[in-house]
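A.B. asks: Just passing along the structure, written as structure tokens.
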Amino acid sequence: MRRLASRAKPILAAATAAAAAAVPARHLFSEESPLRDKKDPLHHLLPHLQSRGHAETPGTVGTMAPSRRPAETHVVRIALTGGPCAGKSSALEHIIKTAKKHGFDVYCAPETATIIFNSGVTTDIFSCPNGVFVFQEGLARMQLQMERALTKAAAVTGRPSILVMDRGLVDGKAYMDEQEWKKLLEVIGGGGDGYSNGVDEEYLLQRYDAVVHMVTAADGAESFYKWGKTTDDTGNIVVRSEPPELARSLDKKLQGVWSNHKNHIVITNDGSGFAAKLDAVSNAVISVARLKHPGLKHPG
């Protein structure tokens, strides 16, 4: 396993916490890219993204935040993770539609690695001295702050809300050795959660009410696994470098790093079809959300 991880390190480092879903910036606006003639999401406000997760008729809040913030609602936080080509993009849309019907607003945090790549950082950084660690440290700091900001923004609305993170902070552990991971925990943190210098892994795990892992299509739905230069399930062009055997290995590593979470939900490819897989993901999220809001009154 160590030999496989060493041989695959350049590929895994290039993917980082994106698990091969991130696209290097040079691909985004090429002639064949669907984004070429569209507004750049890094620099233009996209109103449909603002409004897509807001329930027309929100439910009545069932659970408020801790007593120190009595006017704020508890925000249900979900880490959506998984191996390459697992269906996360489609799952996000499915979660939004399902949760809105149950009276929840849904906030979707973008994949942090993708933001970094799309801002101009290329995979050349991984050839620089300490480049992998610098990338992962920046990613973790950025994601931690984004999670905090979105949680607070959702909480003050007083509406029942779900925040879905496209990959969670512990994903990074799958792309680092143990020594690097411990170093990363020592240098991130601060920002108002009681950790002025560093955090521990338990703190990162308990940030999420649930972790939903979607298993790669390379494990159980091999005929649907796409790699190389291809399109994802939303029609966007992606470059997925992992062959099926490496995708399966990475998927297992991601499951392993999250295994200590108290509510780690693994959605497999059980042969019932992709639509059933999406239903399973959405149902899992709604079940968690309703447990956190037991007094939620369904709209209508």
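A.B. asks: Tell me, which residue of the range 238-260 that is open to solvent by less than 40 Å² (accessible area, probe 1.4 Å) and modelled with pLDDT under 80 is farthest from Glu93 (Cα to Cα)?
C.D. replies: Arg240
A.B. asks: For the structure I just gave you, tell me whether Met142 is at negative phi and open to solvent by 30 Å² or more (accessible area, probe 1.4 Å).
C.D. replies: Spelling it out, Met142 is indeed at negative phi and open to solvent by 30 Å² or more (accessible area, probe 1.4 Å).
A.B. asks: Give the number of residues within the range 91-104 that are over 20 Å from His264 (Cα atoms), touching a helix residue (DSSP H, G or I) at 6+ places or on another chain (Cβ under 7 Å) and either part of a helix (DSSP H, G or I) or open to solvent by less than 10 Å² (accessible area, probe 1.4 Å) (or both).
C.D. replies: Here the count works out to 2.
A.B. asks: In addition: Report, ordered by the first and then the second residue, all pairs with beta carbons closer than 8 Å, sequence separation of six or more or different chains, a first member in the range 194-219 that is open to solvent by 50 Å² or more (accessible area, probe 1.4 Å), and a second member that is modelled with pLDDT under 95 and assigned to a loop (DSSP other than H, G, I, E, B).
C.D. replies: That search, which allows pairs on different chains as well, returns Tyr195/Gly189; Ser196/Gly189; Ser196/Gly190; Asn197/Gly189; Asn197/Gly190; Asp219/Gly83.
A.B. asks: Something else about it: Here are some residues: Thr73, Thr81. Which one is modelled with pLDDT of 95 or more, open to solvent by less than 40 Å² (accessible area, probe 1.4 Å), of a type in the set (S, T, N, Q) and in contact with a Lys or Arg (Cβ under 9 Å, 6 or more places away or on another chain)?
C.D. replies: After ruling out the rest, the residue left standing is Thr81.
A.B. asks: Taking the criterion of being touching a residue at least 24 places away in the same chain (Cβ under 8 Å), in a helix (DSSP H, G or I) and among the polar types (S, T, N, Q), would at least one residue in the range 125-135 satisfy it?
C.D. replies: Scanning the range 125-135, I find no residue that is touching a residue at least 24 places away in the same chain (Cβ under 8 Å), in a helix (DSSP H, G or I) and among the polar types (S, T, N, Q), so the answer is no.
A.B. asks: Can you name the residue in the range 105-124 that is open to solvent by less than 40 Å² (accessible area, probe 1.4 Å) and among the aliphatic types (A, V, I, L, M) and, of all such residues, is farthest from Thr230 (Cα to Cα)?
C.D. replies: Among those that are open to solvent by less than 40 Å² (accessible area, probe 1.4 Å) and among the aliphatic types (A, V, I, L, M), it is Val106.
A.B. asks: Hey, another quick one. If I filter the range 85-111 down to residues being hydroxyl-bearing (Ser, Thr, Tyr) and modelled with pLDDT of 95 or more, which single residue comes out as farthest from Thr73 (Cα to Cα)?
C.D. replies: Of everything passing the filter in the range 85-111, Thr98 is farthest from Thr73 (Cα to Cα).
A.B. asks: Do we have any residue at all in the range 261-278 that's closer than 20 Å to Pro160 by Cα and open to solvent by less than 40 Å² (accessible area, probe 1.4 Å)?
C.D. replies: The answer is no, given that none of the residues of the range 261-278 is closer than 20 Å to Pro160 by Cα and open to solvent by less than 40 Å² (accessible area, probe 1.4 Å).
A.B. asks: Let me ask something else. Determine whether the range 286-297 contains at least one residue that is modelled with pLDDT of 95 or more, out of contact with any Lys or Arg (no Cβ under 6 Å at 6 or more places or on another chain) and over 29 Å from Met146 (Cα atoms).
C.D. replies: Scanning the range 286-297, I find no residue that is modelled with pLDDT of 95 or more, out of contact with any Lys or Arg (no Cβ under 6 Å at 6 or more places or on another chain) and over 29 Å from Met146 (Cα atoms), so the answer is no.
A.B. asks: Could I ask something else about it? Please specify each residue of the range 148-164 satisfying the condition of being part of a helix (DSSP H, G or I), open to solvent by 30 Å² or more (accessible area, probe 1.4 Å) and in contact with a strand residue (DSSP E or B) (Cβ under 7 Å, 6 or more places away or on another chain).
C.D. replies: Within the range 148-164, just Leu150 meets the criteria.
A.B. asks: Looking at the range 190-234 only, could you name the residues that are touching a strand residue (DSSP E or B) at 6+ places or on another chain (Cβ under 8 Å), among the small types (Gly, Ala, Ser) and modelled with pLDDT of 90 or more?
C.D. replies: Passing the criteria: only Ala210.
The values are calculated or read from the model by the stated rules, or taken from the named source; none is laboratory data. These numbers come from a predicted model, not from an experiment. We place every Cβ from the backbone using ideal geometry, glycine too, and count neighbours over all the protein chains shown. Heads up: the accessible areas ignore ligands, DNA and RNA and are worked out on the full protein's heavy atoms, side chains in. Shrake-Rupley method; radii C 1.70, N 1.55, O 1.52, S 1.80 Å.
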